[in-house]
Amino acid sequence: MDAVRLIEAGRRALAVTRGAPAVMAEAWQAQALARAVGGRLAGCGPAELRTEARQLSEIGGLGTVVALDGPAVPVGAVRASLLTEVTDAHRALTDLGDLLGEVGIALVGVACDTEDGLYWQCIEAIDAVDESLDRVHGMLRRLAESPPEYGHERGPDGEHGGERSGEHRSGEPRPEGERVPGHERDGPRAVVRGAAESVARPS
């Protein structure tokens, strides 16, 4: 499943979550998903993101808060395990940042109205969420600073082909400033799929 859909599911679930144990479980889910997205981008995402993506994938501060086989998060209900691709890196990171921000707010609410033992678990969870959010924001800044890259025109069959960026179909140079029909930017919004696949960039 695409990262954006999983993040949206997490935000919907968090919005209706009530009670400290349920909030902690959703916080764990969000952190697990952040690690999964980081791992996917570190493996085959845009090169400029890979260092911070790898750091995101290694943040495990919530791993001891809710056990994977605990009643709050059954193994089959871990959303991160359903991640198969990151179709739009920019949107996925933007939405993930929103989810982590909402999780942080929810955790603060729990910390302000709970017993001492759970309070310190909340503080540790908030620290992990903040660290993940820093990595996400760092990757978004890198995407914003990246120079746009032009790809090839896609033909009617969806395959790359057609005109090159500087020529008419006749092979003559295209006037400066004239846009190639169907020519699209293929920068940060690249497709990242399974481990054996790579970012869909022009060759």
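The values are calculated or read from the model by the stated rules, or taken from the named source; none is laboratory data. Please read all numbers here as calculations on a predicted model, not as lab measurements. Quick reminder, even Gly has a Cβ in these numbers, built from the backbone with ideal geometry, and neighbours come from all protein chains shown. Accessible surface is based on the protein model in full, side chains and every heavy atom, while ligands, DNA and RNA are left aside. Shrake-Rupley method; radii C 1.70, N 1.55, O 1.52, S 1.80 Å.
Tell me, which residue of segment 112-138 that is open to solvent by 40 Å² or more (accessible area, probe 1.4 Å) and among the polar types (S, T, N, Q) is modelled with the highest pLDDT? In this case the residue turns out to be Gln121. When Ala80, Ala72, Ala67 are checked against the criterion of being buried (at least 18 other Cβ atoms within 10 Å of the Cβ) and at pLDDT below 95, Ala80 stands alone in meeting it. Sub-9 Å Cβ pairs linking a first residue in segment 42-57 that is of a type in the set (Val, Ile, Thr) to a second residue that is part of a helix (DSSP H, G or I) and crowded, with 17+ Cβ neighbours inside 10 Å, at least 6 apart or interchain, are Thr51/Ala42, ordered by first then second residue.
Picking from residues in segment 85-106 that are among the β-branched types (Val, Ile, Thr) and surrounded by 15 or more Cβ atoms within 10 Å (Cβ to Cβ), the one that is nearest to Pro21 (Cα to Cα) is Val103. Looking at this structure, is Val192 modelled with pLDDT of 50 or more, touching a Cys at 6+ places or on another chain (Cβ under 8 Å) and surrounded by 12 or more Cβ atoms within 10 Å (Cβ to Cβ)? When the stated conditions are applied, Val192 passes them.
Return the only residue of Gly60, Gly39, Gly109 being open to solvent by 30 Å² or more (accessible area, probe 1.4 Å) and modelled with pLDDT under 90.
On the way: Gly39 fails: modelled with pLDDT under 90; Gly109 fails: modelled with pLDDT under 90.
Within the list Gly60, Gly39, Gly109, the selection yields Gly60.
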